[in-house]
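Some notes on the structure that comes next.
The values are calculated or read from the model by the stated rules, or taken from the named source; none is laboratory data. Being a predicted model, the structure only gives us computed values, none of them experimental. Virtual Cβ from ideal backbone geometry, glycine too; neighbours counted across all protein chains shown.
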Amino acid sequence: MTKPQAISVTAPVKENLPKEKFDELEGFINNLETTKGSLIEILHKAQNIFGYLPRDIQLFVARKLGIPGAEVFGVVSFYSYFTTKPRGKHTISVCMGTACFVRGSDKIIERLKEKLGIESNEITEDGLFTLKDVRCIGACGLAPVVMIDDKVYGRVKEEELDDILNSYRDREVQQ
Ligand code: FES
C-alpha cells in the first residue's frame, strides 16, 4: 500500500487558486488510506474544490503522489469530465450533431455567441455561463437541442433564447 506523503508540497498561490483550496486538497490526499489507484478520485475532488484543473493543480497532484506530471495530464485529457479551463456556473451545450445541425443548431449557437458575447469554450464576464458545442447527445428527435447543465431544451427556436437565458439570470437575482 502506498501511504500518501504527509509532507507539505509548496503550492503555487495565484489570485484564483487560493492557498486554502490547496490546503483542502492536500488534507483530502493525506487522509486517504492509500493513493494507489486514487488518481481519478483525487482529480474529481480537486475539480470539485477549484472548479477546474489548470496545469498548476495537476502538477501539485503529481508532486503529492510522487508520479510524473505526464501521467496526470494524460488522465485529465482522456476524461471529458475533467476541464482545464474555468467554467461558468451553468454550462450551455449546443448539439452540433447531424440531426440538430440540419435543423439549425449552427444558427442557434451563433445567436448564443452574440447574446453572451463569447465564443465556444469561453466563460461570460459575469461567470454565469460557459458555451460549448457538443456532438449528438442522443435526443435527436428533439433537434435542435440545447442543454443547460442537465436540463434538455428541445426544438429550440432563436426567439426563445432570451427567455431561456433570462430564466437563469433571474434565479441569480432571487438567490
Ligand atoms: S444530433 Fe443533436 S441530439 Fe442527436
Subset of segment 45-60, residues part of a helix (DSSP H, G or I) and under 18 Å from the mean Cα position of the chain (by Cα), comes to Lys45, Ala46, Gln47, Asn48, Ile49, Phe50, Arg55, Asp56, Ile57, Gln58
Return the residue satisfying two criteria in turn: it lies in segment 72-128 and is under 11 Å from the mean Cα position of the chain (by Cα) and aromatic (Phe, Trp, Tyr), and of such residues it is farthest from the ligand (Cβ to nearest atom). Phe82
Among the numbered criteria (1) at pLDDT 95 or above; (2) part of a loop (DSSP other than H, G, I, E, B); (3) surrounded by fewer than 18 Cβ atoms within 10 Å (Cβ to Cβ), which single criterion is violated by Gly127? (1)
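Being more than 22 Å from Lys132 (Cα to Cα), outside the structural domain of Thr124 (by TED's automatic domain parsing), free of Cβ contacts under 8 Å to residues at least 12 places away in the same chain and crowded, with 17+ Cβ neighbours inside 10 Å, is that true of even one residue in segment 53-65?
As a first pass, look at segment 53-65 and keep what is more than 22 Å from Lys132 (Cα to Cα): 56-65.
Now restrict to residues that are outside the structural domain of Thr124 (by TED's automatic domain parsing): 56-65.
Still in the running and free of Cβ contacts under 8 Å to residues at least 12 places away in the same chain: 62.
Narrowing the set further to residues that are crowded, with 17+ Cβ neighbours inside 10 Å leaves 62.
There is at least one residue in segment 53-65 that is more than 22 Å from Lys132 (Cα to Cα), outside the structural domain of Thr124 (by TED's automatic domain parsing), free of Cβ contacts under 8 Å to residues at least 12 places away in the same chain and crowded, with 17+ Cβ neighbours inside 10 Å.
Return a yes/no flag: does segment 131-140 have any residue that is loosely packed, with under 14 Cβ neighbours inside 10 Å, in contact (Cβ under 8 Å) with a residue 12 or more places away in the chain and assigned to a helix (DSSP H, G or I). If you could, list the steps in order and put the result at the bottom.
Just the residues of segment 131-140 that are loosely packed, with under 14 Cβ neighbours inside 10 Å, to begin with: 135, 138.
Still in the list and also in contact (Cβ under 8 Å) with a residue 12 or more places away in the chain: 135.
Within this subset, residues satisfying the condition of being assigned to a helix (DSSP H, G or I) are none.
The answer is no; no qualifying residue exists.
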Looking only at residues in segment 135-154 that are within 20 Å of the chain's Cα centre (by Cα) and within 8 Å of the ligand (Cβ to nearest atom), which one is nearest to Thr83 (Cα to Cα)? Arg135
If Lys132 meets every condition in (1) within 15 Å of the ligand (Cβ to nearest atom); (2) out of contact with any Asp or Glu (no Cβ under 9 Å at 6 or more places or on another chain); (3) more than 17 Å from Pro86 (Cβ to Cβ) apart from one, which number is that one? (3)
